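Colleague: Provided herewith is a single structure, encoded as structure tokens, for subsequent inquiry.
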Amino acid sequence: MTVTADVAAVLKEQFPQVTGRESLDWPAFNVPAGQVMAVLQCLRDAGAFDMLVDVTAIDGGPGRSPRFTVVWHLFSILRQTYVRVAADCTDDTRPVMPSATGLWPAANWHERETYDMFGIAFTGHPDLRRILMWEGYPYFPLRKDFPLAGLETELPDLAVVDETGAKVKPAPYMGGPFVAAPGRTMDEAEPRAGDQSWTEHQEKPL
């Protein structure tokens, strides 16, 4: 029996509302939001998917409802394969999803990043704070309605200190917009800022 059929059979028996999700690589399933924690626990305990690799989200855009879908990628050390689980948020205005931190502590930072970038709150998370942008930042940069070039926002006057506690000047941001060029490798295709002057200055030998 293939891994896909094996996992699908287990989920179909216990969760009739779970359906297959179109995927070009790994087994993938659509799960109702109210059952997603039970499905994830089943995959961990009965399916041997013992490692949470990633938590992210999909924004279908302002015209789609449900607009937001949370996606979990799990890996099984025993099976040496992945599985993908997706669940739609039922509220487009204030999207929420249960936290998986009780199943995998590693979900902590993944969920914080998803909250920071998409504005999806994870109920039951022990410390749901922004992880990349500062608290009080009014936007969610990976939403479809956030412009590629960004939005001009006043930076807060944050106190940055070194290991001795002395206040230091934070490193400046490189200037955008960020552009991805076609490349054969991830490194070649990685988006880079239009203004690389700060990086080039730092790379100069002393």
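Colleague: I'm a student and want to see the number: the projected area of the Cα convex hull of segment 1-78, averaged over all directions, in nm². Before the final figure, lay out the partial values.
Modeller: On the way: hull surface 22.6 nm².
Mean orientational projected area (segment 1-78, Cα hull): 5.7 nm².
Colleague: OK, next. Could you tell me which of rounded, prolate or oblate describes segment 76-119, using a ≥ b ≥ c as the square roots of the eigenvalues of the alpha-carbon gyration tensor, with rounded for a/c under 1.5 and, failing that, prolate when a/b is larger than b/c and oblate otherwise? Before the final figure, lay out each step's value.
Modeller: Working: a/c = 2.52, a/b = 1.76, b/c = 1.43.
Cα axes put segment 76-119 in the prolate bin.
Colleague: While we're here: Work out from phi, with θ = phi - 60° and the Karplus expression 6.51 cos²θ - 1.76 cosθ + 1.60, the ³J(HN,Hα) of each residue of segment 21-30, listed in order in whole Hz, and give x for Gly and Pro.
Modeller: 10, 4, 8, 8, 10, 9, x, 9, 9, 9
Colleague: Follow-up question, since we're still on this one. Only counting other Cβ atoms within 10 Å, I'd like 139, 115 sorted with the fewest neighbours first. Please report the intermediate quantities before stating the final value.
Modeller: Working: 139 15, 115 23.
Fewest to most other Cβ atoms nearby, the residues stand as 139, 115.
Colleague: Estimate the FRET efficiency between residue 164 and residue 106 by the formula 1/(1 + (r/R0)^6), using the beta-carbon distance for r and 35 Å for R0, to the nearest 0.05.
Modeller: Working: r = 32 Å, r/R0 = 0.91.
That pair, residue 164 with residue 106, gives E of 0.65.
Colleague: Another question, if that's okay. Taking 0.36 nm per residue of separation and subtracting the Cα-Cα distance, what length does fully extending residue 137 through residue 45 add?
Modeller: Working: separation 92, 0.36 × 92 = 33.12 nm, distance 3.85 nm.
29.3 nm is the gain from fully extending residue 137 to residue 45.
Colleague: Let me ask something additional. At 0.36 nm per residue, and after removing the present C-alpha to C-alpha distance, how many nm does the segment from residue 35 to residue 79 gain when stretched out fully? List each step's numbers first, then the result.
Modeller: Details: separation 44, 0.36 × 44 = 15.84 nm, distance 2.39 nm.
Taking residue 35 through residue 79 to full extension adds about 13.4 nm, to one decimal.
Every number in this text was worked out from the coordinates using simple rules, so none of it is lab data. Note that the structure is a prediction, hence the values are computed from the model and not measured. Ideal geometry is used to build each Cβ from the backbone, glycine not excepted, and the neighbour counts take in all protein chains shown.
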